[in-house]
Amino acid sequence: MCKECGCNSGSGGTRINGEPVDKINSPLLGLTADGKADNHKDSQASKNPNSEHHHEHHHSHSSDEHSHSIQINYPVLEQNDRIAERNRGFFLARGIFAINMLSSPGSGKTTLIYETARLLSDKIKIAVIVGDLATENDAERLRKAQIPTVQVNTGTACHLDAEMVARAFSQIANQQIDLLIIENVGNLVCPAMFDLGENKRIVLLSTTEGEDKPLKYPPIFHSADVAVITKIDLAQPAGFNRELALENLKRISHHAQVFEVSAKTGEGMDKWCSYLLDCFAHNKGTFAGK
Amino acid sequence: MHEAGIIYNVLKVAEETARKQNGQKILKLYLRVGSMSGVIPEALQFAFEAMRTDTLAKEAQLEIENVTASCWCEDCKIEYVLDELGFLCPKCGGRNIKLQKGRELELVSIDYC
């Protein structure tokens, strides 16, 4: 978070593999180490040609001050969306299939990633970017299993944004990667707004959280391409009502493909893994075909 | 949590715009916020009041236009407002639908002098 103003747009507290984020160059940003892409100096609004032409002026003389009105129509998340599109293009050109995994804390993102990487290790090359407010615990856990992992510590920011992913990717850019798994900060609110440049957005719902999570957090569940119900081995002790959960998912994530897995027992992991393999192959084929 | 970052960007764009027009003071900012945008209007107001000091908008008001989320059913060709029960078409119960409105997050205009 930016030290000056408390916003998330600067590079203040965020660290990648322990280094301050603005010391990290990335081929996706074309940056120098002094952090020239700092949002505070580099206004997208002033570069946007439309912002010059869409201004309409209205004059009002009713108040004692001579006031004017000017039309701006500035989409607030435009800057993030642009970087996200650039990430997506970069990943596509490299034949990388990227997924963004979101859930509340403790839904089993890291365990699912760990098991997915283990099961697919002889088929495709997987790398992980993992976001947390603090600690390298998740990264350590994945690195122990020989999975190339970049840890992003967001400081106090509640989500990953596209620029953090672009910078984090520089740490693994020299490796061959087929599947890039981005583990977002555990949070069901803020990450919904931030496109990271992923191909598919995966939202997790664990059986221990309750069936009504999709109804409580519509924006994030609606934005999901895939919903994964995790910890199905705990469904019975947790009193998880599967039919109700599926019904709720259907209402909110009506277009999402649903998987039900237990990373612990391996149940359902075959379907989930073949889905990822199919996506990777299809994605690569799309580009090669052109 | 992320409302402060959003307000920061909004204030920055508003100030740049006002300065280009030789404005001395921003009187009002108009934001359009969809109910599915993932931000909370109250938190935006709170962040705005905390962050407007030392800007051209230090005495300005923030006016938020809330946009209610609505969907379009491709099969029934109707637009409908979302309720708590989710996104499915109330007429046919189908899933062939698109979120039509509700994701807006936009600085629409400012008043300045």
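The values are calculated or read from the model by the stated rules, or taken from the named source; none is laboratory data. None of the values given here were measured: they were computed from a predicted structure. No Cβ is skipped: glycine too gets one built from the backbone with ideal geometry, and neighbour counts run over all protein chains shown. Heavy atoms of the whole protein, side chains included, go into the accessibility calculation; ligands, DNA and RNA do not. Shrake-Rupley method; radii C 1.70, N 1.55, O 1.52, S 1.80 Å.
Quick notes on this one:
- Where helices (runs of 4 or more DSSP H) fall wholly inside the range A:91-201, the ranges with 2 or more residues that are within 11 Å of the chain's Cα centre (by Cα) are A:162-169.
- Sole exception among (1) open to solvent by 30 Å² or more (accessible area, probe 1.4 Å); (2) more than 13 Å from chain B (Cβ to nearest Cβ); (3) of a type in the set (A, V, I, L, M) for A:V203, by number: (1)
Here's the yes/no breakdown for (1) more than 19 Å from A:Q257 (Cβ to Cβ); (2) touching a residue at least 60 places away in the same chain (Cβ under 8 Å); (3) more than 14 Å from every other protein chain (Cβ to nearest Cβ):
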position	(1), (2), (3)
A:E136	yes, yes, yes
A:Q151	yes, yes, yes
A:D161	yes, yes, no
A:Q176	yes, no, yes
A:L180	yes, yes, yes
A:G197	yes, yes, yes
A:E209	yes, yes, yes
A:Y217	no, no, no
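- Residue that is farthest from A:E260 (Cα to Cα), among those in the range A:112-122 that are of a type in the set (S, T, Y) and crowded, with 19+ Cβ neighbours inside 10 Å: A:Y114
- Residues that are away from every other protein chain (no Cβ under 11 Å), over 24 Å from B:Y8 (Cα atoms) and either surrounded by 19 or more Cβ atoms within 10 Å (Cβ to Cβ) or modelled with pLDDT under 95 (or both) occur at least once in the range A:62-79.
- Residue check, B:E63 modelled with pLDDT of 95 or more and either at the interface with chain A (Cβ under 10 Å from one of its Cβ atoms) or closer than 15 Å to B:A4 by Cα (or both): no
- The single condition among (1) under 20 Å from the mean Cα position of the chain (by Cα); (2) of a type outside the set (D, E); (3) open to solvent by 90 Å² or more (accessible area, probe 1.4 Å) that B:K77 does not meet is (1).
- Subset of the range B:1-24 that is at the interface with chain A (Cβ under 8 Å from one of its Cβ atoms) and open to solvent by 20 Å² or more (accessible area, probe 1.4 Å) - its residue that is farthest from B:L44 (Cα to Cα): B:Q21
- Residues of the range B:30-57 satisfying the condition of being open to solvent by less than 50 Å² (accessible area, probe 1.4 Å), of a type outside the set (S, T, N, Q) and facing chain A (nearest Cβ under 9 Å): B:L31, B:M36, B:G38, B:V39, B:A47, B:M51
- Selection status of B:Q100, in contact with a Phe, Trp or Tyr (Cβ under 6 Å, 6 or more places away or on another chain), more than 9 Å from every other protein chain (Cβ to nearest Cβ), surrounded by fewer than 19 Cβ atoms within 10 Å (Cβ to Cβ) and not in a loop (DSSP other than H, G, I, E, B): yes
- With respect to (1) modelled with pLDDT of 95 or more; (2) touching a strand residue (DSSP E or B) at 6+ places or on another chain (Cβ under 8 Å); (3) not hydroxyl-bearing (S, T, Y), the lone exception for A:G266 is condition (2).
- Selected residue (criterion: surrounded by the fewest Cβ atoms within 10 Å (Cβ to Cβ)) from residues of the range A:219-234 that are out of contact with any Asp or Glu (no Cβ under 9 Å at 6 or more places or on another chain) and assigned to a helix (DSSP H, G or I): A:L234
- Hits in the range A:241-290 (condition: open to solvent by 50 Å² or more (accessible area, probe 1.4 Å) and hydroxyl-bearing (S, T, Y)): A:T265, A:S274, A:T286
- The range A:244-271 residues that are under 16 Å from B:L82 (Cα atoms), paired with ones that are among the aliphatic types (A, V, I, L, M) and in a helix (DSSP H, G or I) (beta carbon under 8 Å, 6 or more apart): A:N248/A:L215; A:R251/A:L215; A:I252/A:L215
- Of everything in the range A:250-262 that is touching a Phe, Trp or Tyr at 6+ places or on another chain (Cβ under 7 Å) and not charged (D, E, K, R), the residue that is farthest from the other protein chains (Cβ to nearest Cβ) is A:V261.
- Hits in the range B:5-48 - residues which are in a helix (DSSP H, G or I), out of contact with any Phe, Trp or Tyr (no Cβ under 9 Å at 6 or more places or on another chain) and in contact (Cβ under 8 Å) with a residue 12 or more places away in the chain: B:I6, B:Y8, B:E15, B:R19, B:P41, B:A43, B:L44, B:Q45, B:F46, B:F48
- Residue count for the range B:80-91 satisfying the condition of being surrounded by 14 or more Cβ atoms within 10 Å (Cβ to Cβ) and in contact (Cβ under 8 Å) with a residue 12 or more places away in the chain: 3.
- Subset of the range B:64-74 [loosely packed, with under 15 Cβ neighbours inside 10 Å and over 24 Å from A:C190 (Cβ atoms)]: B:E74
- In the range B:92-113, the residues that are free of Cβ contacts under 8 Å to residues at least 40 places away in the same chain reach residues that are among the acidic types (D, E) and part of a strand (DSSP E or B) with C-beta atoms within less than 8 angstrom, at least six apart or across chains, in these pairs: B:Q100/B:E79.
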